[in-house]
Amino acid sequence: MDGKLIDKGEVPEFRLRGKAALRSVQVKQEQSLLLRLYNAYIYTLRLPLPVFFVIMFSTPLVLSVVFTAFYLWDVDGLFIPEDRDWGRRSWWDNVYGFAGETHFKVFVFSLSLCTTFGGTGVEARSPYNLLLANLNTLTAQLIFVFLSGAVFYRLSQPAEPIRWAKMALITDDKFSEHAKKMGEEPHKSFIIRVNLADPKKNVLIECKFEVIYRCILTLPGQQSPFITHISLKLVRPEVSYLRFGLIIRHVIDESSPLYGMDYETFKAKDASFTVTVSGTERSSMQPVFSENLYAVADGDVFWDRQYEDQILVDKHGRTVFSANVLNSLKPLDENISKSRHDKPRPRRSSTSVL
């Protein structure tokens, strides 16, 4: 894709759908060099931990390679001693054969300035190399400050506290059955199950939940689509104390923007749901925020299913919370299936996957 915009009235060859469409949105704006560096730094902070540490350890190496190239412009301005101990081992010969003895020793000299270790025996003597060596050290110290801040930021943050179920459901559930017993009309519900990462130890306080329904629409006579976001009303939008996990539920009644939609409607609108959890981790008092995206086009939303029960009782009468069945589904219970209202309702698809 060359990123060229289509002309007015022109129809694109194809259009991405689901998560791919949302993640591939390109923002075109002018950015200064400092803003680009800042965005790159923030992006680094949010990388997965293994990738983050790889960047941490590779940054001094990359910086040393860059400065080595500048040192070699005036290699005569460096004093490079002949160290016979380096050549006594055969594997040093292989290193010298690949990079060259002078190049390698200059690289180690630059790396020693980055790590402040020293001991290489290489000295900068010309004014050019003396200035370059000081610049090398200063740059390494500035980078060290930013890397130290990044490490502190990552280690001070709690581990990802939320585990999301891979599938969201639109289904008749126990809440709908309860509504019928209370004399109200039962409806389907959009539900997502979440668990704490360590249900035995983790506790979140002052938790708030939100489900955002997102769809892509194109008005009649218009070529450019637009994305609409609607916050869905939840049965429990917040709790003061959360342990183990819970089910986030939105009842699809007459006031819901999802009411009356079938599979084809969701598919045509390229519907997706962003679910967020925010709160405070009790032990560290650090703020916590987690989100997950469920896209209809990617098969993340299932129809007329149930989650496997997580709260069980063992033979000794003890309550057991089974975190291993977070993503396990089962067919609807017969008593829930039979409790559906007999009045004609908007037609919904019989397929199991939205």
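The values are calculated or read from the model by the stated rules, or taken from the named source; none is laboratory data. Fair warning: this is a prediction, and the values are worked out from it, not measured in the lab. Note: ideal-geometry Cβ built from the backbone for every residue, glycine included; neighbour counts use all protein chains shown. Calculation scope for accessible area: heavy atoms of the full protein, side chains included, ligands and nucleic acids excluded. Shrake-Rupley method; radii C 1.70, N 1.55, O 1.52, S 1.80 Å.
Which numbered condition trips up Arg36, out of (1) at pLDDT below 85; (2) of a type outside the set (Val, Ile, Thr); (3) more than 30 Å from Glu160 (Cβ to Cβ)?
Result: Arg36 fails condition (3) only.
Tell me, please, whether a residue that is at pLDDT 90 or above, touching a strand residue (DSSP E or B) at 6+ places or on another chain (Cβ under 7 Å) and of a type in the set (A, V, I, L, M) can be found in segment 322-329.
Within segment 322-329, none of the residues are at pLDDT 90 or above, touching a strand residue (DSSP E or B) at 6+ places or on another chain (Cβ under 7 Å) and of a type in the set (A, V, I, L, M).
Out of all the residues in segment 282-310, which are in a strand (DSSP E or B) and free of Cβ contacts under 8 Å to residues at least 40 places away in the same chain?
Result: Pro287, Phe289, Glu291.
Can you tell me which residue within segment 96-143, out of those that are open to solvent by 50 Å² or more (accessible area, probe 1.4 Å) and modelled with pLDDT under 80, is farthest from Leu61 (Cα to Cα)?
By that ranking, first place goes to Gly97.
Quickly run through segment 255-274 and pick out the residues that are closer than 16 Å to Asp300 by Cα and of a type in the set (A, V, I, L, M, F, W, C).
Correct list: Phe266, Ala268, Ala271, Phe273.
Is there any pair with a first residue in segment 121-133 that is under 18 Å from Val65 (Cα atoms) and a second that is among the acidic types (Asp, Glu) whose Cβ atoms are under 8 Å apart and which are 6 or more apart or on different chains, and what are they?
Listed by first residue and then by second, the contacts come to Tyr128/Asp74; Asn129/Asp74.
Checking Lys267 against (1) within 19 Å of Arg193 (Cβ to Cβ); (2) open to solvent by 40 Å² or more (accessible area, probe 1.4 Å), which single condition isn't satisfied?
(1)
With respect to Ser58, is the statement that it is exposed (fewer than 15 other Cβ atoms within 10 Å of the Cβ), among the hydroxyl-bearing types (Ser, Thr, Tyr) and at pLDDT 85 or above true?
On the way: exposed (fewer than 15 other Cβ atoms within 10 Å of the Cβ): yes; among the hydroxyl-bearing types (Ser, Thr, Tyr): yes; at pLDDT 85 or above: yes.
In short, yes.
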